[in-house]
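S.K.: I am attaching a structure below and will ask some questions about it afterwards.
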Amino acid sequence: MAVVTAAVGFWVWRHGAEPGLRGSFEGERDWSLLYVELPLMLFGTPAVTLAAWRLTGHLLRRRAGRATQAVLPLAAAAVTVTALAWAGLLWLDTRVEPFVHPG
């Protein structure tokens, strides 16, 4: 699960940070995308997703059937990684806005 969510975080970062790293406006680059957003996406996405998975599993312990205990934490992790990917893309869109549409 951690490897998959880290890969999703990296893909989101690469897709969203590309204009800022490419230097779209007069070759100007934003290097903070490498040392702030990249670690946040690589380590934050798996950490939050695994926490949601673990928390859901813990809350369902002794309250649900075996099949429910297996499926619901996985569904919670999938919803979490999807929401984090969407939020990461929105965040990076606003971060690289000056490189896409200089004003």
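S.K.: Using the heavy atoms of the protein chains alone and a 1.4 angstrom probe, what is the accessible area of the chain per residue in square angstrom?
M.R.: Heavy-atom SASA per residue in the chain reads 66 Å².
S.K.: How big is the accessible area of Trp31 in square angstrom, nearest 10, if you roll a 1.4 angstrom probe over the protein chains?
M.R.: Accessible area, nearest 10 Å²: 140 Å².
S.K.: Work out the length of the dipole vector of the chain about its Cα centre, built from +1 on the beta-carbon of each Lys and Arg and -1 on the beta-carbon of each Asp and Glu, and round it to the nearest 20 debye.
M.R.: Computed charge dipole of the chain: roughly 940 debye.
S.K.: Another question, then. Kirkwood Rh over Cα pairs of the chain into Stokes-Einstein at 25 °C, 0.890 mPa s: D in µm²/s?
M.R.: Using the Kirkwood radius from Cα pairs, D works out to 165 µm²/s.
S.K.: Can you find, among Pro98, Trp11, Val79, the residue farthest towards the positive end of the dipole of the chain? Put +1 on the C-beta of Lys and Arg, -1 on that of Asp and Glu.
M.R.: Val79
S.K.: ³J(HN,Hα) across region 77-84 via Karplus (A = 6.51, B = -1.76, C = 1.60, θ = phi - 60°), whole Hz, x for Gly/Pro?
M.R.: 5, 5, 5, 5, 5, 5, 5, 5
S.K.: Give a quick list of trypsin sites (Lys or Arg not before Pro) in region 1-62 that DSSP marks as loop, anything other than H, G, I, E or B, with at most 10 other Cβ atoms within 10 Å.
M.R.: Loop-located and lightly packed - Arg61, Arg62.
The values are calculated or read from the model by the stated rules, or taken from the named source; none is laboratory data. Every value quoted in this text rests on a predicted model; they were computed, and no experiment measured them. Glycine gets a Cβ as well: all are built from the backbone with ideal geometry, and neighbour counts include every protein chain shown. Areas reflect the complete protein model, heavy atoms only, side chains present, ligands, DNA and RNA absent. Shrake-Rupley method; radii C 1.70, N 1.55, O 1.52, S 1.80 Å.
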